[in-house]
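For reference, the structure is listed below as structure tokens.
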Amino acid sequence: MMSRRDLLIAGLLLIVGSAAVFSYPQSSMDDDQMQADDDFDYGGEEQSVPSPQTKSSNPIASEKINKTLSVTGIRGEDVVLKCDVGSNLHSSDGVVLWYFGDNVISNGKNLVQPNFKLDANYDLTILKASPQVAGSYLCKVLPSGSVVNTKVTIAEHSLDAIAPESSTSAAGSASSFLGCTVLASTVLLLLGMGTH
């Protein structure tokens, strides 16, 4: 039979080990989805062929930008989606298209769908957001091909929308604290039972 001291040491080691495991940063569902995303274009198969070194007369306009963003809005309030692709927006021959899934929302400055507003910088405002407007929005700039893909989620209350980036880690810390508390209580209970 183990002595009370041995049980106490074993319990403490178990608690410390559990705390170390539970405090390890947790990956979020978005991280897992991004890592499993097969839609990323790695370019053509002729990557080993060197490209000709020519200077463009307008190097900024020829840059292709590809961004992915996440925006959380509050139900009943306006939600602004940015189409931030640099100076590609302001070229004279550029056209900005906004999509919600496969549906066109705007073509240039012309809105095709109701319940949206477009400003001078081509930022799209979802008016009085509802759960039905949650999903994937795409801002595409032609002819450069720059893209901003924005995942929109709609929260019921403002507190739901204020979740910090590390909310998963905070939840993991809370669960590890609770787990350690329960574990420590169990060890102390066992130690107390050993004296009877």
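The values are calculated or read from the model by the stated rules, or taken from the named source; none is laboratory data. Treat the numbers as computed from the prediction; the structure is a model and nothing was measured.
The conditions of being charged (D, E, K, R), modelled with pLDDT under 85 and at negative phi are not met by Glu77.
Residue by residue, here is whether (1) among the charged types (D, E, K, R); (2) at pLDDT 70 or above holds:
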{"site": "Ser51", "(1), (2)": "no, no"}
{"site": "Ser57", "(1), (2)": "no, no"}
{"site": "Lys67", "(1), (2)": "yes, yes"}
{"site": "Leu89", "(1), (2)": "no, no"}
{"site": "Ser92", "(1), (2)": "no, no"}
{"site": "Tyr99", "(1), (2)": "no, yes"}
